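This report concerns only the one structure given below.
The values are calculated or read from the model by the stated rules, or taken from the named source; none is laboratory data. Model, not experiment: these values are computed from the prediction. Backbone-built Cβ (ideal geometry, glycine too); neighbour counts: all protein chains shown. Protein only, heavy atoms only, side chains kept; ligands, DNA and RNA dropped before computing areas. Shrake-Rupley method; radii C 1.70, N 1.55, O 1.52, S 1.80 Å.
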Amino acid sequence: MHMSFNTSNRFAEHISKRSSESAAIAVLSYDKRGVGRSQPMEHPDKNYHYRAGMMDFVLDAVEAVRFVSSHPQIDKSKIIVMGHSEGAIIMPLICKEVTNDPNLDPIYGCIFYSGFGETLKDAMELQRSTLLNEVTTMTGLQGW
């Protein structure tokens, strides 16, 4: 039995159900490049996601904003962006890129969902030391 706990999609469904005729809410949800169903057919490489850099993910989000903004029933001055995990971390860059684009209105609001509670530098140092500790203390095929 397969169970899915995709909280981002569940959040999107919850928000869209709160929509009414007087206050319609549209939701665009997507997997980041190379994850889930976003892997394009022309890239059967399973490492496609790892070949993308942070700015690729930022520019993908900007293109999502551009797509939503182009819909005739969307008030492009009221777009709210939600970033989950890494998406929350790069949210300031997304907002900056959208603001710098003369063809887009600035982001109306942001939802930072499960981002870091510390600086990126501190989080990376913790990950690096944890990984080094795990690799040097494990034996057999799991470690060195």
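Note on the range 4-109: enclosed helices (runs of 4 or more DSSP H) holding 1 or more residues that are farther than 27 Å from Leu120 by Cβ and either modelled with pLDDT of 95 or more or within 18 Å of the chain's Cα centre (by Cα) (or both) are 7-17, 54-69. Every test in (1) open to solvent by 90 Å² or more (accessible area, probe 1.4 Å); (2) among the aliphatic types (A, V, I, L, M); (3) more than 27 Å from Asn6 (Cα to Cα) is passed by Val135 save one, and that test is (1). Against the list (1) in contact with a helix residue (DSSP H, G or I) (Cβ under 8 Å, 6 or more places away or on another chain); (2) loosely packed, with under 11 Cβ neighbours inside 10 Å; (3) at pLDDT 85 or above, the condition Gly143 fails is (3).
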